[in-house]
Amino acid sequence: METSEIDMKRKRIYAREEYCVGCRLCEIHCITAHSRYKDDIVKAFKKSAPRPLPRIIVEESKPVSFGLQCRHCEEPECVKSCITGAMQKDPETGIVKNDETRCIGCWTCILACPYGVIRRDSRGKKIASKCDFCLEDGGEPACVKNCPNEAIYIADAGKPIKSGEAEEPGETNQSGGSVEYEESGLREKGCEAR
Amino acid sequence: MSLSYQTPEFIVERNRERCIDCQVCVRQCANKVHSFDEEEQKVVSDDSKCVDCQRCVCMCPTRALTIRRNPLEFRENANWTPQAIKDIYKQAETGGILLTGMGNDRPYPIYWDHILLNASQGTNPSIDPLREPMELKTLLGRKPEALKIENGRLAEKLPPQLELEIPIMFSAMSFGSISLNACESMARAAAELGIMCNTGEGGLHRKLRRYGKNTIVQVASGRFGVDADYLQTGAAVEIKIGQGAKPGIGGHLPGEKVGGEVSQTRMIPMGADAISPAPHHDIYSIEDLRQLIYSLKEATNYEKPVSVKIAAVHNAAAICSGIARAGADIIAIDGYRGGTGAAPTRIRDNVGIPVELALAAVDSRLRDEGIRSQVSLVCGGSIRNSADIIKAIALGADAVYIASSALIAMGCHMCQKCYTGKCNWGIATQDPDLTKRLNPDIAAKRLVNLLSAWSHEMKEMLGGMGINAIESLRGNRLMLRGIGLNGRELDVLGIKAAGE
Amino acid sequence: MLLREGQVRIPSGCAISGIINKKRKAFSGGIIMDSIALMHDRSNGLGGGFAAYGIYPEYKDLYAIHMFYDNEEAKDRTEQFLKGHFNVEIGGRLPTRKVASIKDAPIIWRYFVSPKRYKITESELQEDEYMFRCVMRINSGIDGAFVVSSGKNMGAFKAVGYPEDVGEFYMLDTYKAYIWTAHGRFPTNTPGWWGGAHPFTLLDWSVVHNGEISSYDTNKRYLEMFGYKCTLQTDTEAITYIFDLLLRKCGLPLEIAVKAVAAPFWSEIDRMGEEEKELLKAIRTVYASLLVNGPFSIILGSNKGIVALNDRIKLRSLVAAEKDDFVYVASEESAIRAVCEEPDRIWAPRGGEPVIALLEEVDKI
């Protein structure tokens, strides 16, 4: 899916688990994009010690798998729990960003996040690390750009497109699972698999 | 356990400078070639399981992998080739029939590559497809010998026709031999391109019924999935007498590939081997075929053309003459290079004849008997590019069927292991872990891209010949010349030699 | 070794011209000769010919057979055949003049015949089908014999040479006809066999043709299924047979036949009304193999009138004009103005749009 010229107003990344092949190329490209060597995967991996952690995590319980990253929630628990105000939700785009200059690494946000998509920064600094929508690179998320099967895609917040054409109610695709994200609320189907 | 003489066919070469041990290859190989050694903390490969499907090569983010033929060499022997020797080792160990997938890979001559096309020079202008209309629309079906006109109006309707925007259709590939995602991709592409897609002998999955207008439903010897609804849904019905990859025998789907969806669509028990009988057990002679053709016409109220598909064999011309007189509206001829999900190697490689020769012979024979208008001819097995299509039409075909080309467009790398059910590209498998790899959004687009590209190329070639409508190329043998062919071959093809 | 038409396919470019007087007022051949002579440079002297209708009023109910014979043996065999199948009223040498540039003439004879009645009953054929088959028999069965024309009250006159010289040779200025068509040929091969010149005739059809059809083999192989033998391997022969098939054998109206030969594009058909769309779709479906592709402008002559037609994208020139009872068609406007200085109307027909000029009291061809 083309991700150039994204209008930053209220876009989110959604996953289609029926096409996720569990390769984790999204993780590899996320790591590379956030490393010192953005254009060189080999160097990014071989020269970074410790190996960076990706901000997208592929959850898997075969045959179901899908990439999961920060949902940039409407009512973000991490923002509420942040004691320094480092976690901020941009009022226009709705993206939740961690201001690293303010983060003190208390990890309250990691505890609070219902999706488990915040991690400790792998560079050893005491800051929280999570999906930032690749804003620093012009807002073209590396995971979406490099997914080999278009299993993650950009869509308007709250309006994920169903894959292919409308299926009949009750139809399941061949792998048997279906995942829906809800913007608000903590319960999601199919998300228990960790 | 005694020593196995089978050695790896392929070697996996990993460039350690580039490998980042990301394990994408480990996760992606259905044959479990790659694994992560915890102790050494790196990815290692077991060459003996590699089938050269190249999934890992394509997926590797740093292009660290390549696959080579195992350079292990026997002493040179033009008669006992390595393949001949290895086949015997395999059979001595297993006692079984050698199975393979896709089409005949033997080095027999490819007649398409011995045929050259004309271009207009001087006495006749070539036509520029970018500036003039160039028509590829094709209608398949029985044509009357004359139109009945009364008072300047059509007095009698024509027999039912299939209308194709371009003379290419997706050939029969059963749901079961290929995944539902693959079937859906082709159905969607057919709808977008305005052409047809053939169900093969696996029936029509309920999810694909909405593409009925662009579907030819097949009635094969196993009659899988055939019921009244099935016949009504399709735009045409095809009786499969044979297929180019395995003339004389029926389809074979191992029980492992018969899961819930396949079972429901084919109307057979789960886990049961789906073995189609060699003949239709109600067609033992040409008059029986006539009976079935008309039964199907009755069942569909004479509203749909009925097609008959045969493998290209020795007396194809006489057989097709019989089929035309038996009432078929379309005849599909499948050459020996046709692909399959599973076939005994010896039958695939030794039975049948090239479709180029069969097509030429059938077209000439039907014209000699004055019955060419009674059927449309479709040929397949194998059509690899747009030049093959132009040559097929000039030899006499109305349209072509493509299958291997379509699968390659969707990701097939011709490893010929379809029968194992472990297709790493999500095509020839029912394993949900693998089928999800084929995203119909992507695959359908690739098919549309391929056929659109071919259409443009065909228009260029037609324009070069001074033709602006595909029907003026049909059977136009004077537009072809043979190169590197002997006199008999030129005669059978009905074309002159280059220079004449 | 150079091969002639029939042994090899010889493409050519040319000039055509046709004049009809709708009220059947016959006029001299000199006029058409002037018209075609103006287009001298379109030919290369390797073929020229004329078709004339209304030239044998005294024998108008008999078939006028013009023959070329390579030798006496061919003549004897043909005459034997004719005597067996026809009552020959009169036969004799076709009168000609000596013209320096017209050389190597075959033996040219003319017979006025009528088919033997009992033969027709025996064969259970229609008279014109009987004629058609006899002509096919002679052309393909008797070596060295070639039927130049075989219609009633009409004749074809052709040779290797510039058309105006051919006209001189056959003394066409002494004939009077109410339809004249003419052709000058520019073949791309040298034998220039007399039989290969235009017009090509069948029964009372005559066709003169400018262009080269790229759909030739497609057309030919379809025609062969209906008994037509394309022995000359020329485009003109194929076109004549196409019209014979559509108009005589299938009995289609002329407008429909024209739409099969120079069919409108699918994009145009899509924009038509339902009924017309269905009709045109049916025409293109059934007669797909008779679509003529490649440049052509043709004049089809018959005892009922003439039809001039261009291919669907007008790759050859064709101009038409009217004055009083006369209708003129030609490859060039100058060829028309050479014989008719001030026509009432002059126009260039569009691709696929026929110019139909019928004789009085005829409502269709």
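Just so you know, all these numbers are worked out from the coordinates, no wet-lab data involved. It should be emphasised that the depicted structure is a prediction, and the values quoted were computed from it without experimental measurement. A quick note on method: Cβ atoms are made from the backbone with ideal geometry, for glycine too, and the neighbour counts reach across all protein chains shown.
General observations
- Failed criterion for B:Gly464 (all others in (1) at the interface with another protein chain (Cβ under 9 Å from one of its Cβ atoms); (2) surrounded by fewer than 24 Cβ atoms within 10 Å (Cβ to Cβ) hold): (1)
- Filter result (closer than 22 Å to C:Trp193 by Cβ and small (Gly, Ala, Ser)) within region C:91-144: C:Ala100, C:Ser101, C:Ala105, C:Ser140, C:Gly141, C:Gly144
- Selection within region B:72-111 - more than 30 Å from B:Gly487 (Cα to Cα) and β-branched (Val, Ile, Thr): B:Thr81, B:Ile85, B:Ile88, B:Thr94, B:Ile97, B:Thr100
- Filter result (surrounded by fewer than 18 Cβ atoms within 10 Å (Cβ to Cβ), touching a Lys or Arg at 6+ places or on another chain (Cβ under 7 Å) and not hydrophobic (A, V, I, L, M, F, W, C)) within region B:467-499: B:Lys496
- Qualifying positions in region A:110-127 - farther than 21 Å from A:Cys30 by Cα and without any contact (Cβ under 8 Å) to a residue 60 or more places away in the chain: A:Leu111, A:Ala112
- The strands (runs of 3 or more DSSP E) found entirely in region A:1-108 that carry 2 or more residues being surrounded by fewer than 19 Cβ atoms within 10 Å (Cβ to Cβ) are A:57-61, A:87-89.
- Any hit, region C:168-186, residues being in contact with a helix residue (DSSP H, G or I) (Cβ under 7 Å, 6 or more places away or on another chain), of a type outside the set (A, V, I, L, M, F, W, C), within 21 Å of C:Ala64 (Cβ to Cβ) and surrounded by fewer than 23 Cβ atoms within 10 Å (Cβ to Cβ): yes
- Positions within region C:18-66 being under 29 Å from C:Ile138 (Cβ atoms) and among the hydroxyl-bearing types (Ser, Thr, Tyr), in sequence order: C:Ser43, C:Tyr53, C:Tyr56, C:Tyr59, C:Tyr63
- Of all residues in region B:36-60 being free of Cβ contacts under 8 Å to residues at least 12 places away in the same chain and touching a strand residue (DSSP E or B) at 6+ places or on another chain (Cβ under 6 Å), the one that is nearest to B:Lys422 (Cα to Cα): B:Val57
- Of all residues in region A:33-59, those satisfying the criterion of being more than 7 Å from chain B (Cβ to nearest Cβ) and either aromatic (Phe, Trp, Tyr) or within 15 Å of the chain's Cα centre (by Cα) (or both) are A:Ala33, A:His34, A:Tyr37, A:Leu53, A:Pro54, A:Arg55, A:Ile56, A:Ile57, A:Val58, A:Glu59.
- Strands (runs of 3 or more DSSP E) fully within region C:28-112 that include at least 3 residues being surrounded by 14 or more Cβ atoms within 10 Å (Cβ to Cβ) and among the aromatic types (Phe, Trp, Tyr): C:63-69.
- Test: residue in region B:148-161 that is β-branched (Val, Ile, Thr) and in contact (Cβ under 8 Å) with a residue 60 or more places away in the chain: no
- In region B:355-457, counting only helices (runs of 4 or more DSSP H) that sit wholly within it, the ones holding 1 or more residues that are buried (at least 21 other Cβ atoms within 10 Å of the Cβ) and among the charged types (D, E, K, R) span B:355-368, B:386-395.
- In summary, strands (runs of 3 or more DSSP E) completely within region C:265-334 and bearing 1 or more residues that are within 11 Å of chain B (Cβ to nearest Cβ) and either over 30 Å from B:Arg477 (Cα atoms) or in contact (Cβ under 8 Å) with a residue 60 or more places away in the chain (or both) occur at C:296-302.
- Selection within region B:7-24 - facing chain A (nearest Cβ under 9 Å) and either in contact with a strand residue (DSSP E or B) (Cβ under 7 Å, 6 or more places away or on another chain) or assigned to a strand (DSSP E or B) (or both): B:Cys19, B:Asp21, B:Gln23
- If you go through region B:169-212 and pick out every residue that is in a loop (DSSP other than H, G, I, E, B) and within 14 Å of chain A (Cβ to nearest Cβ), you end up with 3.
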